[in-house]
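Inspection log for the structure reproduced underneath, given as structure tokens.
Since every read-out is calculated from the coordinates, none of them should be taken as a lab result. Nothing here was measured: the structure is a model prediction, and the numbers come from that model. Neighbour counts are summed over all protein chains in view; Cβ atoms, including those assigned to glycine, are modelled from backbone coordinates with ideal geometry.
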Amino acid sequence: MDCSAAVISRKCISNKRGFAPSFDSLPNNNQPPYHHTLVKIVIIYGSANDQAFMQPGRDYMDKEKVAYEERVLSAHRNHAELAEYLKQLNASGEKIVIVAVAGLSAALPGVVAVQTEYPVVGVPVPGGPLNGIDALLSICQVPGQVPLGTVGLHSKAGLNACMFAHRILKLAQ
């Protein structure tokens, strides 16, 4: 497995209605690229550097016992792997909301939204010479027929994205 596209962590915890089974071990090369749960949030990072920014969101999901998994798949550096992963998710039949986290040019959320039927929430990460304004504009200014939600550009944006994704998932329950 290419380390740049590795699963950085995977937490699948039983949610309040018992839809998601528990998985105790970290993924290895013998496991499928995702776990089958009926309802979950998938967080895709454009860079492993963006993971720390989402800590408030992960804390919320742990507290609320929301099933989730995380991947690092750049729209630029790992496009083929990203497309294959989204294809597998699309075929899974699972109820998923995707949170796509990216900074700078922030192409990831739009690329994900085009390649899936799942709801996608884009999270701009502060950084670079414009401190994330470029990422926010890239996410919220996608062309027509690319349905993509976004959250603001602040330290709790990851929390807001995970709370919003959780609310969408509750509709499936």
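Near VAL125: Cβ cut-off under 12 Å, other residues only, Lys/Arg at +1 and Asp/Glu at -1. The net charge is -2. Taking amide H as placed 1.01 Å from N in the peptide plane, the amide H of VAL99 sits under 5 Å from that of VAL42, ILE43, ILE44, VAL121, each at least 5 places away or on another chain.
Principal axis extents of the C-alpha atoms in the range 61-171 (largest first, rounded to whole Å): 40, 33, 26. Phi-derived couplings, Karplus 6.51 cos²θ - 1.76 cosθ + 1.60 at θ = phi - 60°, listed residue by residue for the range 52-67: 4, 4, 8, 4, x, x, 5, 4, 4, 5, 5, 4, 8, 6, 8, 6 Hz, with x used for Gly and Pro. The label point for LYS170 and the one for LYS63, both projected 7 Å from the Cα toward the Cβ, are 1.5 nm apart. The charge dipole of the range 32-144, taken about its Cα centre with unit charges on the Cβ of Lys, Arg, Asp and Glu (plus for the first two, minus for the last two), comes to roughly 80 debye. Each label was represented as a point 7 Å from its Cα along the Cα-to-Cβ direction; for GLN145 and ILE133 these points are 3.2 nm apart.
For VAL151, the residues 5 or more places off, or on other chains, whose built amide H falls under 5 Å of its own are GLY122.
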